[in-house]
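Data first, discussion second: the structure below is written as structure tokens.
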Amino acid sequence: MTNSSKVDVVGVGLNATDTLIPVAHYPSRGSKVEFRSAKVLPGGQVATAMIACRQWGLRARYIGKVGDDIAAELHRSEFTRLGVEAHLFTAPAVLASRPSSLSMTAASAPSFGNATTA
């Protein structure tokens, strides 16, 4: 990390990916809703905060760890595109975390869990 530029704010920590699935309407209890698209977006509390700071005009730096998968490439490209100075440390051969899911129970209370992979 030699020759680093001066920045206004530095964030160290979490990055993640979020999957956005738009639906035509909120599903009624016990039903399913068809969807036509899903978009994977960069996220994570610290990474998102640094992007927000940059968009507000601050010189932002993000320091964090990524895998060697497509999610890491998404983060690398978005930090570059949005002008956040990113110092990403790659953990090779790390399996991506299983995606989280949100499901509605019969009582309409959200239930969080890990999606199963085939």
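Side notes on the structure shown:
- Calculated FRET efficiency, Ile63 to Ala38, Cβ-Cβ distance, R0 = 41 Å: about 0.90 to the nearest 0.05.
- By the count of neighbouring beta-carbon atoms within 10 Å, fewest first, Lys32, Lys65 end up ordered Lys32, Lys65.
- Distance between the pseudo-spin-label points of Ala24 and Lys6 (7 Å out from Cα toward the beta carbon): 5.7 nm.
Any read-out appearing in this document is the output of simple, stated calculations on the displayed coordinates, not a laboratory observation. Every value quoted in this text rests on a predicted model; they were computed, and no experiment measured them. Reconstructed Cβ throughout: ideal geometry from the backbone, glycine too, with neighbour counts over all protein chains shown.
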